[in-house]
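Some notes on the structure that comes next.
The values are calculated or read from the model by the stated rules, or taken from the named source; none is laboratory data. Note that the coordinates shown come from a computational prediction; the quantities given were computed from them, not determined experimentally. Here the Cβ is made from the backbone with ideal geometry for all residues, glycine too, and neighbour counts use every protein chain on show. Quick note on the areas: whole protein, heavy atoms, side chains included, nothing else; ligands and nucleic acids left out. Shrake-Rupley method; radii C 1.70, N 1.55, O 1.52, S 1.80 Å.
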Amino acid sequence: MARPLIAEIDLDALRHNYRLACECAPESRSVAVIKADAYGHGAVACARALEDIAPAFAVACIEEAVTLREGGITAPIVLLEGIFTADELALVDELGLWMAVHSDWQVEALLAHRPARPIPVWVKVDSGMHRLGFSPERVEAVWQRLSAAAEHARDLHLMSHFATADLEDIGYFERQMARLDSLAQRLGAPLCLANSPATLARPEAHGAWNRPGVMLYGSDPLERPNAVTLRFAPVMTLRSAIIAVRELPAGEPVGYGGRWLTPRPSRIGVVACGYGDGYDRHARDGTPVLVAGKRTAIAGKISMDMLTVDITDIPEADIGSEVVLWGRAANGLVLPVDEVARHCDTISYTLLTGVLPRVPRRYHGQS
Ligand SMILES: *Cc1c(COP(=O)(O)O)cnc(C)c1O
């Protein structure tokens with residue numbers, strides 16, 4: 001007796017994908033990026049599953065790091081945006097965190113604070129993303145200052161982020177890379193540059209550390225799959241069931257606004273999943289779904305608690321039949337979250353992080 005919608009998290013698949021990240025970059029160490037509650041998969045569960053193979057984890061803010069420490073995670077944790085206020089330094093110190101430093105005020109705060117142990121620091125340079133970081137002209141001075149402050153900072157790395165590592169056109173990536181290469185040479189700095197697409201496709205960006213994120217969850221960030229991304233295993237399966245079936249003649253509208261009209265006499269399955277669960281309301285008619293292990297499509301606008309699918313060509317589908325919104329069906333067929341995202345004019349990241357707390361997570365595999 002329960003609403004059938006769950007998000008199943010396959011922790012063995014997570015480990016498999018993490019190992020692929022390491023395989024892509026055997027000379028680098030890979031920090032597993034588990035910000036935003038591990039892209040919606042549950043940060044503590046994911047960190048526990050990776051603890052024995054991942055040397056460090058990365059999160060966006062100190063609250064996420066606290067959650068991990070409270071969950072018993074003892075591995076190093078990097079704050080990708082560093083501190084947001086100077087008073088966070090006491091906790092950085094107490095919890096043994098590593099931090100990015102991207103602004104002058106953060107440097108001043110770090111130098112004004114006397115940590116019990118020097119803090120590992122990743123100095124962020126803006127090599128062309130134009131979001132966070134010191135300009136290439138200024139980063140040398142920051143680097144020298146922190147290098148001279150051994151009681152405050154240790155294990156300095158030069159960190160940067162790519163704007164276009166996922167694109168086939170590598171022009172802008174190469175401009176960023178050229179700035180980084182020359183800085184790395186001047187400073188003799190170990191590097192931490194690569195996100196998932198650069199880990200997968202740009203070996204020249206591999207550094208002492210890489211920062212794979214979305215690929216750990218089995219989503220392919222590249223424009224075209226490569227030999228590694230074809231081996232990804234989906235980590236999250238958003239699974240529900242058919243709760244009602246409608247038999248309709250041709251020409252009948254289905255759902256709000258009557259956006260979809262039955263093109264023929266049709267069977268419509270009503271599925272317990274809607275935008276109130278995080279399924280994207282932008283999903284167009286034709287967005288793929290798996291019903292009873294077969295591909296079919298969304299038919300009609302997404303409601304808050306339900307959505308409708310065309311099951312005319314799946315006669316065995318009935319009340320109780322399995323529906324997979326993305327992930328792996330019981331018969332093994334996979335519907336990649338990336339494919340669903342394209343039909344919603346978005347990216348896998350928003351779908352995965354968008355699954356709401358109303359949807360129970362169920363973990364299996366390594367735990
Ligand atoms: C989120 C994030 C990553 C991981 O990016 P993916 O595209 O998910 O691999 C890496 N570095 C930084 C700074 C990030 O914020």
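Accessible surface of the chain, 1.4 Å probe: 53 percent of it comes from carbon and sulfur atoms. Among Ala116, Ala153, Ala49, whose mean-square fluctuation peaks in a Gaussian network model of the chain (Cα, cutoff 10 Å)? It is Ala116.
Near the amide H of Ala233, within less than 5 Å, lie the amide hydrogens of Asn17, all on another chain or at least 5 residues away, with H placed in the peptide plane. The value obtained for segment 31-216, namely the Cα convex hull volume divided by the number of residues, is 109 Å³ per residue. Computed with a 1.4 Å probe over protein heavy atoms only, the accessible area of His343 comes to about 50 Å². For segment 184-199 versus segment 320-357, the inter-centroid distance based on Cα atoms is 33 Å.
The string of couplings for segment 316-323 from the Karplus curve (6.51, -1.76, 1.60, θ = phi - 60°) is 6, 5, 7, 4, x, 4, 5, 10 Hz, one whole number per residue in order, with x for Gly and Pro.
Amide H to amide H distances under 5 Å link Phe134 with Lys124, Val125, Asp126, where only residues 5 or more positions off or on other chains count and H is placed in the peptide plane. When only alpha carbons are used to place a centre, segment 35-102 and segment 145-169 end up 17 Å from one another. Just checking the listed ones, Pro212, Pro263, Pro26: in the Gaussian network model of the chain with Cα springs under 10 Å, the one fluctuating most is Pro263. Annotation: extensible slack from Met1 through Ser135 equals 42.5 nm (criterion: 0.36 nm per residue apart, minus Cα-Cα distance).
Taking 0.36 nm per residue of separation and subtracting the current Cα-Cα distance, fully stretching the chain between Arg362 and Ala90 would add 94.4 nm. Considering only Ala163, Ala38, Ala205, the Gaussian network model of the chain with Cα springs below 10 Å gives its largest mean-square fluctuation to Ala163.
Beta bridges assigned by DSSP with both partners in the chain are antiparallel in approximately 55 percent of cases. Counted by Cβ distance under 15 Å from Thr164, the other residues give a net charge of -2, where Lys and Arg count +1 and Asp and Glu count -1.
Shape descriptor for segment 51-91: Rg over Rh equals 0.97 (Cα atoms; Rh from the Kirkwood inverse mean 1/r). Over all other residues within a Cβ to Cβ distance under 14 Å of Cys22, the charged ones net out to +2, with Lys and Arg as +1 and Asp and Glu as -1.
Helical runs (DSSP H, four residues minimum) scored at -39500 (n - 2.57) apiece and divided by the length of the chain put the mean residue ellipticity at 222 nm at -8000 deg cm²/dmol. Using a cutoff of 8 angstrom between alpha carbon atoms and counting only pairs six or more residues apart, the relative contact order for the chain works out to 18 percent. Excluding ligands, DNA and RNA, the accessible surface per residue across segment 226-367 is 45 Å² with a 1.4 Å probe.
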